[in-house]
Amino acid sequence: MLMLNRQALRRCLLATTGFLVLVRAPCPSTVAQEPAPQKPAFLSDRLAPFVPTPMSVVEKMLELAQVDKYDRVYDLGSGDGRIVIMAAQKFGAEAVGVELDDDLFKESSARLAELGLGKRAKILHENMYEVSLRPATVVTLYLLTSVNERLRPIFERHLRPGARVVTHDFQVPGWKPEKTVQVISEAGVSHTLYLYVRP
C-alpha cells in the first residue's frame, strides 16, 4: 500500500466538490523505476513458438529431398533436434541444427550426445540469419512464410546449384516448388511439404 504524509498527500490530491482530482505536482515515488532491459537485436528473429514436426512428416521431408550419406542437412530452427537426429541416424547424412533458444539448444545437444551421434550431427546455438549455409546440400524449414521470405536472398547467395530446400506448410515467396506433397500425420492431420531445388 502506498503511504504518504499529509503534506505529500496535499500536493498530490485536491478535494473538490466531493471528488478527488489529481494535481500535476510531483509525487514521491515508493520504488525507483528502472528502464526495461533491452533485448539483443537478434532475439527479434524468434518469430514463432516451437511447434514440433510430427515424426512421420520429418521422415517424409527427408525422403522428399532424397537425403543420403553424401548430404549435409541444415535444419533452421531445429527445436528438439528431431530432424537432425533422423537425418544422421536413419539417412546417414551429416546434419546441423541451428537453434536460438537456450533450453532447446541444450536439450537437443544432450540428446545427440546420448544417442552417440556427435560425429555426424551437431546443434549450433546461433542466429539462423547469420549462419553460413554454403556447406549445405539440403535445408529444412518449419518457419512462417514471412521468415522464409527473409531467408530467400540468403539461400540465393549461399546455396550451391542443386541444393534442395524443403519447407513444411509454409512456402518460400517468389520461388516455385519442384514438388508439393500432402502428408497425413499420426494424429490424422494433413501437412503440406514443398520441395525447391536451386538452379
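Bear in mind that the values in this text are calculations on the coordinates, not laboratory data. Keep in mind that this is a model prediction, so the values were computed, not measured. So basically every Cβ, Gly included, is an ideal-geometry build from the backbone, and we count neighbours across all protein chains shown.
Would you list the P(r) distribution for the range 55-197, with all Cα-Cα distances sorted into 10 Å bins from 0 and each bin expressed as a whole %?
Result, from short to long distances: 12, 45, 36, 6, 0 percent.
Exceeding 19 Å between C-alpha atoms, which entries from my cross-link table qualify? They are Lys69/Lys90; Lys60/Lys122; Lys69/Lys176.
On the way: Lys69/Lys90 10 Å; Lys60/Lys122 21 Å; Lys69/Lys176 27 Å.
Lys60/Lys122; Lys69/Lys176, as the Cα separations exceed 19 Å there.
Between Arg152 and Val131, what is the label-to-label distance in nm when each label sits 7 Å out along the Cα-to-Cβ direction?
About 2.2 nm, to one decimal.
Starting from the Cα-Cα distance between Glu114 and Lys179, subtract it from 0.36 nm times their residue separation and give me the gain in nm to one decimal. Present the calculation step by step, with values, prior to reporting the outcome.
Numbers: separation 65, 0.36 × 65 = 23.40 nm, distance 3.54 nm.
Extending this stretch completely gives an extra 19.9 nm.
Rounded to the nearest 5, what % of DSSP beta bridges with both residues in the range 55-197 are antiparallel?
Details: 11 of 28 bridges.
Counting only bridges with both partners in the range 55-197, antiparallel ones make up about 40 percent.
Give me Rg/Rg_expected for the range 148-199, where Rg uses Cα atoms only and Rg_expected = 2.2 N^0.38 Å with N residues. Mind dumping the intermediate values first?
On the way: Rg = 12.3 Å, N = 52, 2.2 N^0.38 = 9.9 Å.
Against the empirical 2.2 N^0.38 Å value, I get 1.24 for the range 148-199.
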